[in-house]
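Below: the structure, in structure tokens.
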Amino acid sequence: MKKLTRKNLVFLGAPGAGKGTVSNLMLKNYQIAHISTGDILRAEVAKQTPAGKEAEALMKSGQLVPDALVAGMVRSRLAEPDCADGFILDGFPRTVPQAELLEKALEELGTKLDCVVCFDVPDEELIQRLTARMNCRGCDEIYNKIFKKPAREGICDKCGSELYQRADDSLETAKSRLAVFHKQTQPLMDYYTQRGLVFTLPNADHETIMAAIAKELE
């Protein structure tokens, strides 16, 4: 399996930009770990670690999990052996304070961030993708009525379970999510641009995207 020269990555893109799809393609081609903050939180809660218990209590009371707590979980995950050959951080950082916490965590681990991969997709296309999205009730595989249809309508190709559309994939919710993303992310883009770390992916087919990644990062 290939290795990357620039291997410690942040994927930065709006909901529906394709971060998950490209991550899966990269996992097939490169020895690299995919790290989702959502997955980390669920794992910490399931294991009932001190951090997990604290996060669970906050979430149950409707409060946000503090940046420092999430950053600590991310730091622990980055210290695991499978991250030694590279990682994709998906969902963290979302703000400049989180980026600063990540930088500190990586310094403590004796490494650094190599590249921030930016998914630049027009809002009109993002809204189309988000409002056409369907999820599997069984394995949570994601489909799209336009770009990724199942072989049988309403049925998951992988596990045969029913497909459904989440309430938060409505047009109003999609527009709101994109507005929040842009407000949060522009300062973060400026932060990483000043550090010369941003690489913008073309809004293209998967073959073109993977060729661009190989040219930039291998």
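Which GluC sites (Glu not before Pro) in the stretch 118-170 pass both tests, a DSSP loop state and at most 12 other beta-carbon atoms within 10 Å?
Values: sites: 124, 125, 141, 153, 162; in loops: 141, 153.
For GluC sites (Glu not before Pro) across the stretch 118-170 that sit outside H, G, I, E and B with at most 12 neighbouring Cβ atoms in 10 Å, the list reads 153.
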Using θ = phi - 60° and the Karplus relation 6.51 cos²θ - 1.76 cosθ + 1.60, list the HN-Hα couplings for the stretch 37-42 in order, rounded to whole Hz, with x at every Gly or Pro.
5, x, 5, 4, 4, 4
Just the Cα atoms of the chain, one point each, no solvent: what log10 I(q)/I(0) does Debye give at q = 0.10 Å⁻¹?
-0.48
According to a simple spin-label model (label point 7 Å from Cα along Cα-to-Cβ), what is the distance in nm between residue 43 and residue 194?
3.2
Collect residues whose amide H, placed 1.01 Å from N in the peptide plane, falls under 5 Å from the amide H of residue 87; neighbours closer than 5 in sequence don't count.
8, 9, 33
From the phi angles alone, apply the Karplus equation (6.51, -1.76, 1.60; θ = phi - 60°) to the stretch 127-133 and give each ³J(HN,Hα) in whole Hz, x where the residue is Gly or Pro.
4, 4, 5, 5, 7, 9, 7
Contour minus end-to-end for residue 59 and residue 100, with contour as 0.36 nm per residue of separation and end-to-end as the Cα-Cα distance?
12.4 nm
So between residue 141 and residue 125, what do we pick up on full extension, going 0.36 nm a residue minus the alpha carbon distance?
3.7 nm
Within 10 Å of each residue's Cβ, count the other Cβ atoms and sort 145, 47, 53 from fewest upward.
47, 53, 145
So for 182, 34, fewest C-beta neighbours within 10 Å to most, what's the order?
182, 34
Kindly state, to the nearest 0.05, the FRET efficiency for residue 157 paired with residue 29, given R0 = 22 Å and r defined as their beta-carbon distance.
0.50
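None of the figures in this text is laboratory data; all of them are computed from the coordinates on show. Small disclaimer: the values here were computed from a predicted structure and weren't measured. Quick reminder, even Gly has a Cβ in these numbers, built from the backbone with ideal geometry, and neighbours come from all protein chains shown.
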